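Have a look at the structure below, then the notes.
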Amino acid sequence: MAASERVGVALVTGSSSGIGQAVADRLASVGWRVYGASRRAAASVTQPSAWTPIPLDVISDVSVEAAVGSVLSAEQRIDLLVHCAGISVAGSIEDVSIPEAERQLATNYLGTIRVLQAVLPAMRQAGKGRIIVVGSIGGLIGLPFIGHYSASKFALDGMVQALRVEIAPFGIEATVLHPGDIQTDISANQIEGERTGSSSVYHRRFKATVGAYDKAVREARKPDVIAKAVLKLLARRSLPVRAVVGTPSERAGVVLKALLPSRVFETIIRKTYGL
Ligand SMILES: NC(=O)c1ccc[n+]([C@@H]2O[C@H](COP(=O)([O-])OP(=O)(O)OC[C@H]3O[C@@H](n4cnc5c(N)ncnc54)[C@H](OP(=O)(O)O)[C@@H]3O)[C@@H](O)[C@H]2O)c1
């Protein structure tokens with residue numbers, strides 16, 4: 001990308017809080033014309049007029065088409081999509097009902113696909129575009145008691161591997177950025193499966209594990225660390241297949257998962273969470 005093309009029009013989903021909000025703020029601060037999209041869009045702008053909030057619900061075809069359409073009619077292009085919208089459903093695999101699991105996948109996986117399908121035609125027409133999908137280290141390591149969340153993020157990693165090859169001939173690039181724990185509202189917004197209450201056989205271990213996740217998120221780095229990582233990715237000549245942004249121990253976990261026999265790594269996970 002030539003220097004003059006390094007900023008342009010960006011669509012950031014999940015911009016009403018946490019990582020998406022930090023990404024929208026930082027992109028705007030370096031000159032991108034940013035459209036920040038989420039269900040609570042209008043209530044979410046931290047720096048008035050720094051970027052434009054637009055309503056978006058990723059589980060609705062009509063909403064996604066309207067949101068992307070509004071950016072395209074104002075700007076005639078979208079140069080960058082940073083897709084951060086996501087939710088977390090918690091509970092053992094046995095306790096999370098099928099509708100709850102469907103909600104997890106409908107938002108995190110199919111919601112991503114819906115946004116990609118809306119944005120790609122304009123990028124193809126322009127012959128360029130960059131896409132950063134926010135995954136999770138939980139999309140590289142299966143995390144107990146948020147197994148459907150992990151599954152949704154594993155799905156994104158696999159999907160982006162395929163997508164990259166499909167869109168390369170059109171001059172479009174994609175990557176998946178996997179953050180470790182980041183201090184956001186993700187745990188506060190977490191949806192606990194209806195069957196995870198005290199009558200569940202998993203209850204004690206479930207509560208202890210999600211409690212540990214919540215503590216880690218509360219003590220984690222602020223979301224601007226991901227916004228800075230996004231800028232770093234955009235400064236590269238080409239986007240990598242995936243990027244992992246975590247503390248040294250989180251990154252070590254990803255490396256160990258790749259290197260160690262699976263059962264040995266599973267023992268580390270059990271010991272980490274006392275399971
Ligand atoms: N925080 C972490 O530790 C962490 C770690 C790894 C990965 N991540 C990922 O980072 C992304 C952002 O999460 P966060 O930590 O910033 O959590 P967050 O503060 O809860 O933000 C989630 C964002 O997603 C939006 N969203 C949720 N459902 C949506 C829908 N149906 N349509 C449109 N927007 C929707 C929310 O906006 P509205 O409610 O206004 O719609 C909000 O802006 C997620 O994909 C998450 O899985 C987070």
In degrees rounded to 10, the 0-90 angle between helix 203-218 Cα long axis and the longest Cα principal axis of the chain is 40 degrees
With respect to the cross-link table entries 128/222; 153/257; 222/257, which display a Cα-Cα separation exceeding 22 Å?
128/222; 222/257
So what does the Cα-only Debye profile of the stretch 145-261 read at q = 0.10, 0.18 Å⁻¹, as log10 I(q)/I(0), no solvent term?
-0.41, -1.13
Please express the Cα-Cα pair-distance distribution P(r) of the chain as a list of whole percents, one per 5 Å bin, running from 0 to the bin with the greatest distance.
1, 6, 13, 17, 19, 17, 12, 8, 5, 2, 1, 0, 0
Can you tell me which of 14-26, 261-273 comes out highest on packing, and rank the rest after it, using the mean Cβ neighbours within 10 Å?
14-26, 261-273
What's the angle, to the nearest 10 degrees (0 to 90), between helix 61-75's Cα axis and the longest principal axis of the chain?
40 degrees
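Can you order the peptides 137-143, 251-257 by their average number of other Cβ atoms within 10 Å per residue, highest first?
Values: 137-143: 20.3, 251-257: 15.0.
In decreasing order of mean packing, 137-143, 251-257 become 137-143, 251-257.
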Relative to the longest principal axis of the chain, what angle (0 to 90°, nearest 10) does the C-alpha long axis of helix 262-273 take?
80 degrees
Express in nm, to one decimal, how much length is gained between residue 198 and residue 237 on full extension, taking 0.36 nm for each residue of separation and deducting their alpha carbon distance.
8.8 nm
At a Förster radius of 30 Å, what calculated FRET efficiency corresponds to the Cβ-Cβ distance of residue 208 and residue 39, to the nearest 0.05?
0.45
Set the Förster distance to 41 Å, then compute FRET efficiency between residue 271 and residue 29 from the Cβ-Cβ distance, nearest 0.05.
0.45
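Can you tell me which of 227-237, 125-135 comes out highest on packing, and rank the rest after it, using the mean Cβ neighbours within 10 Å?
125-135, 227-237
Where a number appears in this text, it was derived from the coordinates with a stated rule and is not lab data. Computed from a prediction, not measured in an experiment: that's the story for all the values here. With ideal geometry, Cβ positions are generated from the backbone for all residues, glycine too; neighbour counts draw on all protein chains shown.
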